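To keep things clear, I will list the structure first and then write my remarks on it.
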Amino acid sequence: MPTKDTDEKFEQAMFSYVANVSGLEEENRVLKESVENLEKEVEKFKRTPLIVCEVRDVIDGKALVRLPNGNEFMVEISAECKDVQSGDGVLAEQKNLTLIRKVPTGKKFDVEKFVVMEKPTTAWADVGGLHKQQLEIQEVIELPLKKPQLFKKVGITPPKGILLYGPPGTGKTILAKAVAASTNSTFIEVVGSELVQKFIGEGAKLVKEIFQLAREKAPSIIFIDEMDAIAATRVDIGTSGEREVQRTFMQLLAEVDGFEPLDNVKVIGCTNRKDILDPAITRPGRLDRLIYVPLPDVEGRREIFRIHSIRMTLDKTVDIEELVKRMDKFSGAEIRAVCTEAGYFAIRDNRTKVVHKDFEDAVTKVLEEKQIEGTDYMKMFG
C-alpha cells in the first residue's frame, strides 16, 4: 500500500518528467526555428543575381528592356510587375529576363549617396612642392576650361582628363581641388570602390548618372579616387563580382568616350597603383596625360612645412632647416601631421607658442607610426 512518502516521490518524479519534457519541447522548437532560418539563408545564397535593366517600351503586355551592356530584348512581365512604364528601372531574371519587380531610379538617390559634391576653396598657394605637376594640370585642365577658343584657333585637341599617380599622401587630391577652385568648377569626388554595386548593372548605371550630373553642373571635374578599384587589368575568367567590375569599367570608358574634349567636363583619376591599371583607360582620347606626384624633395618639404605652420605661433627656437632634414621621405600629409602634433604638444603644456622640441617630438611620433604601419603591412603580405 502506497505511503505518503511514496506519493510525494511519485509526484516529484512526475513533475520532474513533465518539466524535462517541456524543456525538451521548447529546445526542440528553438532548434527547428534555427534550422528553418538557416534553410532560408541557404536558399538566399542559392538564388542567382538579378539584372538591373531599363524599360524602353511596353508593347502588347511585353516589355522592351535595355541591359547594361546596351543589348535590347522583348521580355515577359510577371504579375508583380504589371504596372511598369517606359523609363522604369526593373530587376530581371538572368535566364529568361522575366521582369520581377521595379526598383527606384531617382538620380538623387543614386548619385548623392555615393559622391561628394562641392565648390572647393583650395588655392594654388595651398599646394607646396608640386610646381611641375601644377603647371601640367593648368595646361591640361585649367586652360581648356577657361579658354577653349584658344585650342580651336590653334587646332589642337586637349586631353579629356588626366591620371594622377604616386605614393599616398603626396597631394593628388589637393591638386585636383585647387584646379577645380581656379576654374570655379563643381568638384564631384567619388571613390572607385563605391562604384562596384551589389546588383548586376547598378555600378554601370551609377557611372552613367555621375557623368549626367557632371554635365548638369558644368563646368565640373569628376575626381575618381582609387581608380584601380574599377580600372584594373581585365581578366578573361573570373567571379560574378569581377565581371560586374568589368561592366562598370566598360561603362566608364563609354562615358569618357561620349563627351568632347572641349566640353566643360573633365575627369581626373587618382591611384597609388598605376602598375595594375588597364591600358584602355590611358589610351589616347581618354585619360592620356599621366602625371606622377612623388614624395617631396627638400625644397618641397620646406614649402609644405611653411604652408601648414604659417598660422602657428612659433618660438624663435624652431629650426626649420633641421626639421626638414629629419622629415626625409615624409609625404605632404605626414608633414601636416607633424605640425598638428606639435601644436598638441604645446597645448598639453598649456603654452601658446610651439617650440622646437614640440616639432622634434612630433617627428618622432609620426616616424614611429610609419614603422608600425610598415610592420603591419609586412605581417599581412610578407
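Every number in this text was worked out from the coordinates using simple rules, so none of it is lab data. As the structure is a prediction and not an experimental result, all values here were calculated from the model. A quick note on method: Cβ atoms are made from the backbone with ideal geometry, for glycine too, and the neighbour counts reach across all protein chains shown.
When the inverse distances between all different Cα atoms of the stretch 51-105 are averaged and flipped, the Kirkwood radius reads 10.6 angstrom. A simple spin-label model places pseudo-atoms 7 Å from Cα toward Cβ; at Val103 and Lys365 they are separated by 4.6 nm. For the peptides 269-275, 294-300, the ranking by mean Cβ contacts within 10 Å, running from highest to lowest, is 269-275, 294-300. Over all other residues within a Cβ to Cβ distance under 9 Å of Glu360, the charged ones net out to -1, with Lys and Arg as +1 and Asp and Glu as -1.
Treating cross-link reach as a plain straight distance, find the aspartates and glutamates whose alpha-carbon is under 20 Å from the alpha-carbon of Lys95, omitting any fewer than eight places away in the same chain. Of all the aspartates and glutamates, those that pass the test against Lys95 - Cα under 20 Å, at least 8 places apart if same chain - are Glu43, Glu54, Glu72, Glu76, Glu80, Glu202, Glu242, Glu244. Distant-in-sequence amide contacts of Asp288, defined by a placed amide H-H separation under 5 Å and a gap of 5 or more residues or a different chain, comprise Lys160, Gly161. Between Phe114 and Lys147, the FRET efficiency estimated from the beta carbon spacing at R0 = 41 angstrom works out to 0.80. Residues in the stretch 176-185 carry Karplus couplings, in order, of 5, 5, 5, 6, 5, 5, 5, 9, 6, 9 Hz; the curve used is 6.51 cos²θ - 1.76 cosθ + 1.60 with θ = phi - 60°, and Gly or Pro positions show x.
Computed 3J(HN,Hα) for the stretch 114-119, one whole-Hz value per residue from the Karplus formula 6.51 cos²θ - 1.76 cosθ + 1.60 where θ = phi - 60°, is 10, 10, 10, 10, 7, 10, glycine and proline marked x. Rg over Rh for the stretch 59-154 works out to 1.29, both radii taken from alpha-carbon positions and Rh defined as the Kirkwood radius.
Mind scanning Lys147/Lys205; Lys40/Lys102; Lys62/Lys217; Lys266/Lys329 and naming the pairs with a C-alpha gap bigger than 26 Å? Violating the 26 Å Cα-Cα cut-off are Lys147/Lys205; Lys62/Lys217; Lys266/Lys329.
Rounded to a whole number, what is D in µm²/s for the stretch 298-381 from Stokes-Einstein with the Kirkwood radius over alpha-carbon pairs (10 °C, 1.306 mPa s)?
For the chosen part, D equals 120 µm²/s.
In a simple Cβ point-charge model (Lys, Arg +1; Asp, Glu -1; nothing else charged), the stretch 109-292 has a dipole of about 520 debye relative to its Cα centre. As a rough footprinting exposure proxy, the listed residues His131, His308, His356 were ranked by other beta carbons within 10 Å of their own, and the order from fewest upward is His131, His356, His308. Estimate the FRET efficiency between Arg351 and His131 by the formula 1/(1 + (r/R0)^6), using the beta-carbon distance for r and 41 Å for R0, to the nearest 0.05. That gives a FRET efficiency of 0.70. Across all directions, the shadow cast by the convex hull of the stretch 173-323 built on its C-alpha atoms averages 11.9 square nanometres. With a Förster radius of 56 Å applied to the beta-carbon distance between Lys62 and Glu33, the computed FRET efficiency rounds to 0.85.
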